[in-house]
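K.L.:
Pasting a structure here, questions to come.
The values are calculated or read from the model by the stated rules, or taken from the named source; none is laboratory data. Not measured: the values here are computed from a predicted model. Heads up, the Cβs are rebuilt from the backbone with ideal geometry, glycines too, and the neighbour counts pull from every protein chain shown.
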Amino acid sequence: MPNKHNAARRHHIPKMAFGITNWTEYEAGLKQRGSLTLWITVEAIQQWKALRRTTPGGQAHYSELTIGAFLMLRTAFRMPLRQTEGLMASVLSLMGLTLKVPDHTTVSRRSATLAPWPKEKDLPTGPLHVLIDSSGLKVFGAGQWLQEKHGAKSRRGWRKLHLAVDADGFTIVAHTLTEQDVDDPSQVGPLLDQIDDPIKQATANAAYDGGPTYDLIAARDDQIVVATPPRSIAVPSGSSGPPSRRDRHLEQIRTQGRLAWQSAVGYGKRALVETMMNVYKTLVGTRLRSRDPAAQQTEAAIGVAVVNRMLAAARPRSVRREAATT
């Protein structure tokens, strides 16, 4: 990784150690993540059946909340649809409820037309320090293995999950799911449009560097601090007017150094969005199970909701420990 301080001697520098200060609460929260009562709420039971339609067309038996609860349970416990159907049936039976469980084919069909999943009610409020990044999710199927093993070109590719994470609350506040060939800066606008609260800073890596990113963020609010490191080959815009914010970043890097610029703008917090990507892939998975593009959008939204719900149940408070002196 470029611009590392003392890069040639880093193997002599001891690794930073961190400790969890709320271990008792964190351990209890980790146990709570496996509780079925965390996922089957009273609200879901009360709104189990779909409301009567007032327009022509077939009448749905189950509400969108029921289908969403089914998908959340499936995502949380990483189970196929058939096994999730059996789990829900057993849970409702143990609860003494006479509600019918939607079959897996109904859930699979309805997931492609499910309304956008609502945001969590306890999301942080602004002003927010937003961290933006993206990562790839595999599409269900043989895919890469088929190509490497037999040399056959697979039609299945990847999807890119773009996340906007609150740096202070470590919560996903916005997301988009795109094709693999969609560039990252084009999703800055759609991500910011999902955030209703004020934003004080937007931080992203060098892949988002460029005038379009600054213009999109300035269109939202020209007071937002943009912390995107210019590329090593970046040059000033050469405009005759006042220097742009990107030009000021370049000048600060030229005069003070890149490390000083990173410290001044708080760029170090960008590592949290990479941690969130790892959390998502650990809790939800590294691939999309759905094959329909619309169902994949629903699956990603459900995955984000599950991650936020699990983090709300158990969130470690980690602090850096001082290195031991010898």
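K.L.:
Tell me which residues, restricted to the stretch 199-215, are touching a Ser or Thr at 6+ places or on another chain (Cβ under 9 Å), over 17 Å from VAL273 (Cβ atoms) and not in a loop (DSSP other than H, G, I, E, B).
P.N.:
GLY211, PRO212, TYR214
K.L.:
OK, next. Looking for something in a loop (DSSP other than H, G, I, E, B), in contact (Cβ under 8 Å) with a residue 12 or more places away in the chain, β-branched (Val, Ile, Thr) and under 23 Å from ARG315 (Cβ atoms) - is there at least one such residue anywhere in the stretch 113-123?
P.N.:
no
K.L.:
Pairs under 7 Å by beta carbon, first residue more than 15 Å from ARG110 (Cα to Cα) in the stretch 291-311, partner among the hydroxyl-bearing types (Ser, Thr, Tyr) and in a helix (DSSP H, G or I), six or more apart or different chains?
P.N.:
GLY303/THR75; GLY303/TYR280; VAL306/THR75; VAL307/TYR280
K.L.:
Would you point out which residue out of ARG220, ARG231, ARG248 is within 27 Å of the chain's Cα centre (by Cα), over 18 Å from LEU131 (Cα atoms) and not aromatic (Phe, Trp, Tyr)?
P.N.:
ARG231
K.L.:
Please list, ordered by residue number, the helices (runs of 4 or more DSSP H) wholly in the stretch 217-326 having 2 or more residues that are out of contact with any strand residue (DSSP E or B) (no Cβ under 8 Å at 6 or more places or on another chain), closer than 30 Å to ALA69 by Cα and of a type outside the set (Ser, Thr, Tyr).
P.N.:
Qualifying helices (runs of 4 or more DSSP H): 271-283, 293-313.
K.L.:
Do we find a residue being in the same structural domain as PRO230 (by TED's automatic domain parsing), under 20 Å from PRO230 (Cα atoms) and either of a type in the set (Ser, Thr, Tyr) or within 19 Å of the chain's Cα centre (by Cα) (or both) anywhere in the stretch 273-292?
P.N.:
Yes - at least one qualifying residue is present in the stretch 273-292.
Residues checked against (1) of a type outside the set (Gly, Ala, Ser); (2) under 21 Å from ARG78 (Cβ atoms); (3) surrounded by fewer than 17 Cβ atoms within 10 Å (Cβ to Cβ):
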position: GLY257; (1), (2), (3): no, no, yes
position: TYR267; (1), (2), (3): yes, no, no
position: ARG291; (1), (2), (3): yes, yes, yes
position: VAL304; (1), (2), (3): yes, yes, no
position: ARG317; (1), (2), (3): yes, no, yes
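K.L.:
A further question follows. Among the residues of the stretch 51-92, write down those that are more than 19 Å from GLU120 (Cβ to Cβ) and touching an Asp or Glu at 6+ places or on another chain (Cβ under 8 Å).
P.N.:
Once the filter is applied, which keeps residues that are more than 19 Å from GLU120 (Cβ to Cβ) and touching an Asp or Glu at 6+ places or on another chain (Cβ under 8 Å), the stretch 51-92 yields only GLU85.
K.L.:
Just to verify a result, which residue in the stretch 180-201, among those that are at pLDDT 90 or above and in contact with a Phe, Trp or Tyr (Cβ under 9 Å, 6 or more places away or on another chain), is surrounded by the fewest Cβ atoms within 10 Å (Cβ to Cβ)?
P.N.:
Filtering the stretch 180-201 for residues that are at pLDDT 90 or above and in contact with a Phe, Trp or Tyr (Cβ under 9 Å, 6 or more places away or on another chain), the one surrounded by the fewest Cβ atoms within 10 Å (Cβ to Cβ) comes out as ASP184.
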